[in-house]
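The values are calculated or read from the model by the stated rules, or taken from the named source; none is laboratory data. These numbers come from a predicted model, not from an experiment. Glycine gets a Cβ as well: all are built from the backbone with ideal geometry, and neighbour counts include every protein chain shown.
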Amino acid sequence: MLRYDSSGKPFIIIRDQDQKERLTGSEARKANILAAMTVANLMKTSIGPLGMDKILVDQDGEVTATNDGATILKNMQVENPIAKLLVELSQGQDDEIGDGTTSVVVFAGALLEESLSLLEKGIHPSKISEGYEKACDIAVQHLISICDKIEFDKEDCSSLIKAAKTSLGSKIVNQYTDKIAKISVEAVLAVADLERKDVRFDLIKLEGKTGGTLGQTELIDGIIIPKNFSHPQMPKQIKNAKIAILTCPFEPPKPKTGHKLDIDSVKKYKELLEIEQNYFKKMTDLVKKSGATVVLCQWGFDDEANHLLLQKELPAVRWVSGTDIELIAIATGARIVPRFSELTPKKLGKAGMVTEKSLGTTDEKMIVIEKCSNTKTVTILVKGGNKMVVEEGKRSIHDALCVTRNLIKDNRIVYGGGAVEISCSVALNKASKEIKGIEQYSIRAFSQALLSVPIALASNSGLNSLEAVSEIQLKQMKEEKPFFGIDCLSKGTSNMKEQNVFDTLRGKIQQFLLATQMAKMILKIDDIIRPTGQY
Amino acid sequence: MSHFTPTIVLLKEGTDSSQGKGHLLSNIDACVEIVNTLKTTLGPRGMDKLITNDRGKSTVTNDGATVMRLLDVVHPAVQTLVDIAMSQDSEVGDGTTSVVVFAGEILEQSRSFIKENVHPQTLIKAFRKACFKCRERIKEIAVKSNVEDEKQWNSMLKKCASTAMNSKLIAGHKDAFSDMVVQAVRSLDPEFPEVDLIGIKKVGGGAMEESFLVNGVAFKKTFSYAGFEQQPKKFTTPKIALLNIELELKNEKENAEIRIKDPKEYQKIVEAEWELIYEKLEKIVESGANIVLSRLPIGDLATQYFADRDIFCAGRVEESDMKRLSVITGKQIQSTTNGFTSEMVGECELMEEKQIGSERYNIFTGFEKQGSSTIILRGGAEQFLAESERSLHDAIMVVHRAMLNSNVVAGGGAIEMELSRYLHEYAKTIYGKEQMLISAFAKALEIIPRQISQNAGFDSVDIMNKLRKGHFEKPKENIWMGVDIENEGVCNTMKSFVWEPSLMKLNMISAATDAACLVLSVDETVKSPSLQDNNKISMEGRK
């Protein structure tokens, strides 16, 4: 962007002026909207139970196959600033709700696409934003008015399982939805505090293992650590274990300050050796004396210590990671001990069973700690044919866990399969007729944009998308019921209540609010200044 | 030989120098150029800018000072405009766009006079006079709010805050936010309010509506070691120890080396090191504190030690958060455990760790004194949050200013129109060139309402006509007539609650005049060649 003054002399106002370009006004808006639409179109094919997966290869050659919106966008490494905004949008939805990360992007893209024609009509972008905001308000009110409540308690969690199944429907695990949905719900209920409506996710551990099928995924009432006992001759199973958790290495302690030990005689050397050996003995004695039957150590120990531990019949695990140590401590009620001298019987944790198990035919082993005194820690062991499947399985289960958690927090639901979007769209169309002024147009545009999700859903399911959506629209209007949606799996009914397809109310509201917020932000930009040649 | 005139080389090769009228006009052009970039952000319908720097970091903003800074201006004359935007930002916090736009317009108006060979100093003198008159007029007509009446006072502050937020992304939620901002500012010590003590924390995800104000201090969970999860996460009436001590088993003296002669001594050294840290930990526990916060890291040993005693700890807490806690509890941050007693421990009613979005936050509330508060800001994307933070900062600054000086004027171009009318009338009473120049200044003031209506997509000529007519015909009744954004027309903006602290306008007018005068008084720029260019020349010379 070279500028000239009135006498024709060029001047430089900003640094590297010749390397920067500038888009303004409608040109800038169009560029932004197009960027957003490109991202949204890319995501469209991943919506719904028949949505497709995407393979992403990062710069290290690591392959990820997924249809989780947030994961796709995160791994795409987009550079365009507007596309980046959409990535953060789906990330925001992921952080808050954990589900619906694809729809939120598709919806935001549709809102912007609709605004394009409004801009061409000459409506001021901030007017459009105001209209969208109003429309979003109406849509959220409508959502609250049509939502249903589901009931569940610790014994009867069938309704929660159904909700988890909807979330898993579009994922790679959909062959085994029944089993995995059940596992997810059980895991959440195990750690949930139903009274406070709080779920602590860090107490659920997701562990992946290649080998076997996704159907063999299991829920373990306890913790798995991918380690083995330090000596092959140690017992493989310990019942009623008392666990000592140590964060000090099994070796003579060293001062942290730099030091030098002068050994100038044989006598001194022998002395040192004796001290060291005594130390090992003292350590194992202290452990034994405390009554511990299993030792978990954050650090390593050498053969000498290992041998002594075997002699004293103390099965031990070395190099246990910090996070595992913490989880085990919480689960077994143990205290983490930093020095051998502080080890007392009170500080030991209790577990019903500690087993070393091997998996399949490989010599990979793992240690399972079950029946802990404080059962509030569970592990889901995800198995699958290859690493990609296991990783995608973990992500899917994470989504299902989030849905369950959200329902525990707020048990209001709305019907899926595009039913709510269509219902809101109908409601908005009705409402728009009573609103004066230009806002009417933007409200109608909002209602049109809402249909983008059911349309994508229908076309991914191989239906004639427009026909299917308009049919449902008609049906909803005629019968005035909000639970008709797209019958993606050809189950013969479009009644989502019967199909048990539903989303959480919180998640939907969040989607609407976030997408509207994003559309407003992008519409408000009318000037782009960026280095030339990029994007 | 007598005709021979030697060339005198005064300046370094490559130095760029230009002077005279042409140069002055060129400077004005450059300033107007940058003002044109900025001016679309003015007013409630102002647009945002998306600026990407060469490292690919992009910012979306509507804040004049931020735009000016990100543009990375190198032109020396335009630099003055950047400076006034910055000074307005640090002085008042809001009105950064207006000040630049106004300065640019003064220059634009003076261009024709320069072309007609009016001496720049004459212009400067007249502008200074006009500026002085404007300031007097603002002080004269500003409406004083009743500080005694609590309710009225509060609502005035809220109105100022929401006017500052009008043009921003968060305008849709300005009611909730202005409430938060006013509460936050009022929580400060009324005698020495320090805006730094209001924390703004951004948490991605969630909707704007979920933002909230914590009447106390909140900060994100810090990095923690194993054992942290075993610590209790909720305390009622906890005792808080604020430290600046590293609680880790480490070498106390760096670069020191211990020489051990006797192997038996070895163990003693190890013990001594352990004792050092245990002594510190014991002292802290003895003081009765059950929450330990430190600016420096708290290691795994200490974490587990505290977990064992049901004490909560957090290391590497940010300095600003520590300062807030220190102010609100009225206790000093201790940098040694020697002589650490229960008197040095702060108190509050409730401390809780809460999940906000995907982050965990430690929230301290219920302090005896006031003095600090934290706004937790929610929103979809990082850039969105960053812009919201800037907008909130503006609003906080405005409220802060309004509290110190409770006079307000009406925004929406009303005050500018009134000043313009006043100057026009004043100009008629004087003789000479100044008459024209003061009228030009008066005309420059009109840029604010004109730009506001232009940005809103209104017919600005029509609106300006209405405003001028209103102000000139009935100066008393229509004193606060400004642009009506809602209904595309004019209205009494004082009545529609578009209020701005008069201090902001005072600063805007004097800063803009100063900048314009500075640009006008320059008749030569000597620019030394940059180091790179210099090298290039000398390289070429060697060839």
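Restricting B:GLN88, B:GLN79 to those that are in the same structural domain as B:LEU50 (by TED's automatic domain parsing) and either part of a loop (DSSP other than H, G, I, E, B) or over 24 Å from B:ILE415 (Cβ atoms) (or both) reduces the list to B:GLN79.
Here A:GLU130 meets the list (1) more than 25 Å from the chain's Cα centre (by Cα); (2) surrounded by fewer than 22 Cβ atoms within 10 Å (Cβ to Cβ); (3) away from every other protein chain (no Cβ under 13 Å) almost entirely, failing just condition (3). A Cβ distance below 6 Å, combined with a sequence gap of six or more or placement on separate chains, defines the contacts here; from segment A:341-353, residues that are assigned by TED's automatic domain parsing to the domain that holds A:GLU326 reach residues that are modelled with pLDDT of 85 or more and loosely packed, with under 15 Cβ neighbours inside 10 Å in the pairs A:PRO345/A:GLY291; A:MET353/A:LYS239.
Within the span defined as segment A:367-381, one or more residues are closer than 24 Å to A:ILE220 by Cβ, out of contact with any Gly (no Cβ under 9 Å at 6 or more places or on another chain) and outside any loop (DSSP other than H, G, I, E, B). Going through (1) part of a helix (DSSP H, G or I); (2) more than 42 Å from the chain's Cα centre (by Cα); (3) surrounded by fewer than 17 Cβ atoms within 10 Å (Cβ to Cβ) one by one, B:ASN255 falls short only on (1). Per the conditions (1) at pLDDT 85 or above; (2) more than 11 Å from every other protein chain (Cβ to nearest Cβ), the sole criterion not satisfied by A:ASP58 is (1).
Sub-8 Å Cβ pairs linking a first residue in segment A:294-306 that is small (Gly, Ala, Ser) to a second residue that is assigned to a loop (DSSP other than H, G, I, E, B), at least 6 apart or interchain, are A:GLY300/A:PRO249; A:GLY300/A:ARG318; A:GLY300/A:TRP319; A:ALA305/A:GLU251, ordered by first then second residue. Among the conditions (1) surrounded by fewer than 16 Cβ atoms within 10 Å (Cβ to Cβ); (2) within 9 Å of chain A (Cβ to nearest Cβ); (3) in contact (Cβ under 8 Å) with a residue 40 or more places away in the chain, the only one that B:ASP262 does not satisfy is (3). Scanning segment B:473-502 for residues that are of a type in the set (A, V, I, L, M, F, W, C), touching a helix residue (DSSP H, G or I) at 6+ places or on another chain (Cβ under 6 Å) and surrounded by fewer than 22 Cβ atoms within 10 Å (Cβ to Cβ) turns up B:ILE479, B:PHE497.
Taking each residue of segment B:72-89 that is closer than 22 Å to B:LEU24 by Cα and more than 10 Å from every other protein chain (Cβ to nearest Cβ) and looking for partners that are hydroxyl-bearing (Ser, Thr, Tyr) and assigned to a helix (DSSP H, G or I) with beta-carbon atoms closer than 8 Å, six or more apart or interchain, yields B:ALA85/B:THR96; B:ALA85/B:THR97. Listed by position, the strands (runs of 3 or more DSSP E) contained in segment B:298-392 that have at least 1 residues being of a type in the set (Val, Ile, Thr) and surrounded by 23 or more Cβ atoms within 10 Å (Cβ to Cβ) are B:373-379. Any residue at all in segment A:357-371 that is touching a helix residue (DSSP H, G or I) at 6+ places or on another chain (Cβ under 9 Å), modelled with pLDDT under 85 and farther than 30 Å from A:THR101 by Cβ? So far as segment A:357-371 goes, no, none of its residues is touching a helix residue (DSSP H, G or I) at 6+ places or on another chain (Cβ under 9 Å), modelled with pLDDT under 85 and farther than 30 Å from A:THR101 by Cβ. A count restricted to segment A:483-515 and to residues that are at the interface with another protein chain (Cβ under 9 Å from one of its Cβ atoms) and of a type in the set (Val, Ile, Thr) stands at 1. Across segment B:218-239, the qualifying residues are those that are part of a strand (DSSP E or B) and within 14 Å of chain A (Cβ to nearest Cβ), and the one among them that is surrounded by the fewest Cβ atoms within 10 Å (Cβ to Cβ) is B:LYS234. Of all positions in segment B:95-116, none carries a residue that is within 14 Å of chain A (Cβ to nearest Cβ) and touching a strand residue (DSSP E or B) at 6+ places or on another chain (Cβ under 6 Å).
Within segment B:438-472, the set of residues being assigned to a helix (DSSP H, G or I), more than 28 Å from the chain's Cα centre (by Cα) and more than 16 Å from B:ALA414 (Cβ to Cβ) comprises B:ILE438, B:SER439, B:ALA440, B:PHE441, B:LYS443, B:VAL461, B:ASP462.
A:THR24 - would you say it is more than 11 Å from every other protein chain (Cβ to nearest Cβ), of a type in the set (Ser, Thr, Tyr) and either surrounded by fewer than 22 Cβ atoms within 10 Å (Cβ to Cβ) or within 28 Å of B:GLU33 (Cα to Cα) (or both)? So A:THR24 does not fit the description; no. With respect to B:LYS250, is the statement that it is within 14 Å of chain A (Cβ to nearest Cβ) and assigned to a loop (DSSP other than H, G, I, E, B) true? Considered against the rule, which asks whether it is within 14 Å of chain A (Cβ to nearest Cβ) and assigned to a loop (DSSP other than H, G, I, E, B), B:LYS250 comes out as yes.
In summary, B:LEU419 fulfils each of the numbered conditions (1) in contact (Cβ under 8 Å) with a residue 12 or more places away in the chain; (2) outside the structural domain of B:GLU477 (by TED's automatic domain parsing) with the single exception of condition (2).
Once segment A:67-105 is narrowed to residues that are among the β-branched types (Val, Ile, Thr) and not in a helix (DSSP H, G or I), the residue that is farthest from the other protein chains (Cβ to nearest Cβ) is A:VAL78.
When the residues of segment A:225-252 are filtered to those that are in contact (Cβ under 8 Å) with a residue 60 or more places away in the chain and within 11 Å of another protein chain (Cβ to nearest Cβ), the one that is surrounded by the most Cβ atoms within 10 Å (Cβ to Cβ) is A:ILE245. As for segment A:456-470, it holds no residue that is touching a residue at least 60 places away in the same chain (Cβ under 8 Å), farther than 15 Å from A:SER103 by Cα and among the aliphatic types (A, V, I, L, M).
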